[in-house]
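Below is one structure; the comments refer to it alone.
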Amino acid sequence: MRPFRYLYRVPLLLLHLLVPLPVTLLCLTRPLMDIRVGGQVLGDLAVQTWSKGLMWIFGFRLRRYGTPLPGGVMFVANHVSWIDIEALHSQRMMGFVAKREIAGWPLVGWLAAKGQTIFHQRGSSDSLSGVLTQMQERLRNGKAVGVFPEGRTRGGVRVGPFHARIFQAAVETEVTVQPVALRYGARGGAQTVVAFGPNESFAANIVRLLGEPARLAEVHFLGPIQVHDLEGRRRIAELSRERIVAAMEN
């Protein structure tokens with residue numbers, strides 16, 4: 001069935017890039033992006049709609065549990081693949097913290113920049129300090145930020161440890177942290193399929209996923225964490241990971 005899936009998904013993907021994408025980018029320009037439509041601003045609604053369409057083309061059938069909080073919130077999720085960003089954007093507009101290498105990826109890097117991504121050079125303390133400053137500014141302005149505290153993907157086998165320092169932005173601004181569990185396939189059975197394979201490039205992963213069978217993509221918005229109720233960023237990181245792991249195993 002893989003050749004058949006390519007036969008109809010490739011044209012759909014090209015069409016999605018040629019028509020809805022320019023419309024989405026237009027909606028992200030002022031003053032259009034600030035027009036309110038059904039309780040949302042047009043820019044956010046456009047990104048959500050485009051992301052839902054992209055997920056559908058790749059065969060993912062979205063199912064959301066829980067409700068994403070409004071306003072300035074730090075969303076923290078487990079990291080499986082590049083598709084995680086689209087899964088989250090399909091439910092709530094948020095600016096992501098992502099590795100700087102993504103900025104150089106064809107098309108995706110450009111789209112990430114348009115989607116309010118904050119790029120971070122891994123291993124650089126100066127870069128992380130700048131990232132935290134940008135995160136705090138956005139959170140204070142009532143905008144949501146999304147982070148993957150594992151720092152990298154791990155083949156979909158397990159949820160790695162969460163780096164605590166990234167939570168300092170939530171501590172400084174006293175915003176709510178909402179953990180999000182991302183599961184692919186029935187009961188998360190396709191995590192390793194969706195994840196990058198050994199030495200698999202970004203382009204190769206896209207091509208492979210485009211031919212995969214249709215499957216569930218579950219987005220679990222979990223109980224929020226009030227940072228002022230806890231002692232320090234490390235405990236917030238630990239509790240966030242605990243809730244995500246528990247949801248993954250449920």
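Working from Cα pairs under 8 Å separated by at least six residues, relative contact order for the chain is 25 percent.
Size of the range 1-158: Rg and Dmax of its alpha carbons, in Å, are 16.2, 49. Within the shell defined by Cβ-Cβ distances under 15 Å, the residues around Phe221 carry a net charge of +3, with Lys and Arg each +1 and Asp and Glu each -1.
In the range 97-183, what trypsin sites (Lys or Arg not before Pro) fall in a loop by DSSP, with at most 15 other Cβ atoms inside 10 Å? Counting only loop positions with at most 15 other Cβ atoms within 10 Å, the trypsin sites (Lys or Arg not before Pro) in the range 97-183 are Arg122, Arg152, Arg158.
Each Lys or Arg adds one and each Asp or Glu takes one away; over the other residues whose Cβ falls under 9 Å from the Cβ of Gly188, this sums to 0. Here the Gaussian network model covers the chain, with springs between Cα atoms less than 10 Å apart; of Pro198, Pro224, Pro149, Pro198 fluctuates the most.
When the chain is treated as a Gaussian network with alpha carbon springs shorter than 10 Å, the biggest mean-square fluctuation among Ala203, Ala181, Ala77 belongs to Ala203. Residue-wise HN-Hα couplings along the range 3-17, as the Karplus relation 6.51 cos²θ - 1.76 cosθ + 1.60 with θ = phi - 60° gives them from phi, are x, 5, 5, 4, 4, 9, 7, 4, x, 5, 5, 4, 5, 5, 7 Hz; Gly and Pro carry x. Within 14 Å, Cβ to Cβ, of Ile57, how many net charges do the neighbouring residues add up to if Lys/Arg are +1 and Asp/Glu are -1? Summing Lys/Arg as +1 and Asp/Glu as -1 gives +3. Among beta bridges from DSSP that stay inside the range 61-249, the antiparallel ones total about 30%. Note on the chain: helix-only mean residue ellipticity at 222 nm, from DSSP H runs of 4+ residues weighted -39500 (n - 2.57) and normalised by residue number, equals -13000 deg cm²/dmol.
May I ask for the percentage of alpha-carbon pairs in the range 61-249 that lie more than 29 Å from each other? Every Cα pair in the range 61-249 considered, those over 29 Å come to 16 percent.
Relative to one another, the C-alpha centroids of the range 27-86 and the range 192-250 are positioned 16 Å apart.
Rule-based calculations on the coordinates, nothing more; no lab input. Predicted, not measured: the structure shown is a model, and the values here were computed from it. Please note: Cβ atoms are built from the backbone with ideal geometry, for glycine as well, and neighbour counts cover all protein chains shown.
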